[in-house]
Each structure stands twice: as structure tokens, then as C-alpha cells.
1. Could you derive backbone 3J(HN,Hα) for the stretch 137-143 from the dihedral phi with the Karplus parameters 6.51, -1.76 and 1.60 (θ = phi - 60°), listing whole Hz in sequence and x where the residue is Gly or Pro?
2. Have a look at Glu210, Glu273, Glu34 and tell me which one the Gaussian network model of the chain (Cα, springs below 10 Å) gives the largest fluctuation.
3. Give me the mean projected area, in nm² to one decimal, of the convex hull enclosing the Cα positions of the stretch 249-289.
4. Restricting attention to the stretch 120-166, which trypsin sites (Lys or Arg not before Pro) occupy a DSSP loop and are surrounded by at most 10 other Cβ atoms within 10 Å?
5. Report the gain in length on full extension from Arg43 to Ile263: 0.36 nm times residue separation, minus Cα-Cα distance, nm rounded to one decimal.
6. Please tell me the relative contact order of the stretch 111-211 in percent, rounded to the nearest whole number, where contacts are Cα pairs under 8 Å and at least six residues apart.
7. So what's the projected area for the stretch 67-175, the Cα convex hull averaged over all directions, in nm²?
8. How far is it, in nm, from the label point at Ala236 to the one at Leu30 when both lie 7 Å from their Cα along the line to the Cβ?
Amino acid sequence: MSQPFIKVENVSYSYDEEINLIPAVSGVSLEIEEGSYVAFAGRNGSGKSTFAKLLNMILEPSDGKIYISGKEIDVNAMTDAELMETRRNIGMVFQNPDNQLVATIVEDDVAFGPENLGVPSDEIRRRVDDALKTVGMSEYAKSEPQRLSGGQKQRIAIAGIIAMMPKCIIFDESTAMLDPSGRREVVDMMEKLNREYGITIITITHYMDEAVRADRVIVMDGGRVVMDGTPEQVYAEPEKIRAAGLELPQCAELVCRLREKGIKLDGCCITPESCAELICRALEVTSNE
Ligand code: ADP
Ligand code: MG
């Protein structure tokens, strides 16, 4: 069996044990396969960002072990080159697009990461062009980031990460500050990077309609993993979802309400398509009776 890309073994993290009685992340164990598309959901303060920062090595576990591509992450035992290589492989896109753009011209911004990695300049040129093309922003190469929409700014931030050629990108609530069309731009981009380029996507979101687009949904509460499965499996347990302080995706909520009104619907549905099918099947049964 091939080794998992990310392996987390009984990891905990406390910011300050005296102030925070409950660790921000508490005894988390899980594996993430290379090329997968995983969504983390959970109420505010459930430990999602802390967990993401542990994976990205911004924070070090207070307890437990993290392995990336089979290699234990140990800041003290790793050489600077190993550390940099591991960090490069896991990019992170944050919530506020304005805080992530550093240059006054789009292409300089995208070049910033690879420049810091010491990539030769002709190679940087190629990577910047490719990255802008991937996110559909080539025509804005010479623009000022400040003039772009929120969704466009996030796509530039994503291009800056892609230019470092990571194996994995973590999106920490990267759509939270965007309008619906900006959200769609960014989620479509996650899907494209995963499906077409095989990049492992870890997305943290409180929009359940975004989480259902992943292959796997992990729900955190109180620093622990409380649910982990395919979207269909996870959203088939509405009581657990609600207990974790989350809402159901709209389609699943609709089916739940129809059931409460006595309409017989079998199965779980999370997308408009599966929802329509479920209702059609129920209507057919009714009209045949
Ligand atoms: P989420 O991203 O799910 O909202 P966080 O990982 O940000 O959750 O927070 C988890 C817990 O850690 C919360 O109780 C939060 O108050 C605490 N916390 C987060 N950041 C800090 C910090 N810099 N210092 C102290 N406590 C923090
Ligand atoms: Mg957070």
C-alpha cells in the first residue's frame, strides 16, 4: 500500500495551557491521500485554522506527530532545505485577499514566492505566465491588484501559490469575504486544480454547499474530529451535523423538512441534481399508487 501524503498521529495543540483549558486541537489522528479534495467544517473556534497551521508548519504540535510524504515533521531535526521544501509543498490561501497581495503589479505578486525560493528568472517568467493562465487572469498581468474584485484578488493569491508548484493547497475560509460570484470563481478554481492538476486540496469552509463539492468532509468540534466521511455519509446524519453547530446543505435540509412533513423520501441527497431525482422518484411512486 502506498504511504499517505499527510499522516497525523494523535496531534494536540494548546496556545496557552493556563488560559485555554481545552486544547485548540485535541488528539487528532487522520490521513490524507495525495490528490484528494477534503473539506473541513466546524463552528467558530473548533480548531480548524489551528489544524491548518500545524499542517503548514506555522505551528508545531504540543503533542503527537505529523508526517508529510512519509517524513516526520520535526523542525529541530530537519535541515533548512528540508523545511523549506516541505513548506513549499503545502501552500495556504487565507481569508482576506487584501492581506495576501504584496506587490503593486499582479505579475510581480505572483513572482514573489518563486523569487524567494531562488528559482532562476526565466523559469519564474514561465511559471508566472502559466499560473496566471491557470487561474484565468493572464490579461491582468500588468494590472494593479487593488483594482481587482475580491474573487480576482483571491485568484491572484492562488496563482502566487501555484507558481511555487506545491503538492497541496490549504484554503482557510478563502471564500468567506467574497460575494457569491467571487465564491464561485474560487471554488471552481479549487475543483480545477484538484481534477486537472492533481493538487491535493484542503478547504476549510462554513458554507456547506461548498463542502459537498469535496470528496471527503471532516467535521471538527472542540478541537476534535467528530465526523469524517464522504459528503453523502456525513450529511446523512443531520442530528450530528446540527450538534456540531453546523447547518445542512440546502438540498439536504429541504429533503429533511419534506420528510418531517410526512413525505416519504429514501436516501440522502446533497446536490440539486440528486435532490431532484429523489423527489421525482417519490412523485412517480405516488402517481403510480
Ligand atoms: P476555527 O478556525 O475553527 O474557528 P481556531 O483554530 O482559530 O478555530 O481556534 C481554536 C481555539 O483556539 C479557539 O478556542 C480559539 O479561541 C483559540 N485560539 C486561536 N488562535 C489563538 C491564539 N493566537 N492565541 C490563543 N488562543 C487562540
Ligand atoms: Mg478559522
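1. Listing the rounded values in order: 10, 4, 5, 9, 3, 9, 6 Hz.
2. Glu273
3. If I average the Cα hull's projected area over directions, I get 2.6 nm².
4. Hits after loop and neighbour filter: Lys142.
5. 76.1 nm
6. Computed value for the stretch 111-211: 27 percent relative contact order.
7. Average of the hull's projected areas for the stretch 67-175 equals 7.2 nm².
8. Placing both labels 7 Å beyond Cα along the Cβ direction yields 1.9 nm.
The values are calculated or read from the model by the stated rules, or taken from the named source; none is laboratory data. In this text, all values refer to a predicted model and were calculated from it rather than measured experimentally. As a convention, Cβ positions derive from the backbone with ideal geometry for all residues, glycine included, and neighbour counts pool all protein chains shown. The area values use the complete protein model at the heavy-atom level, side chains included, leaving out ligands, DNA and RNA. Shrake-Rupley method; radii C 1.70, N 1.55, O 1.52, S 1.80 Å.
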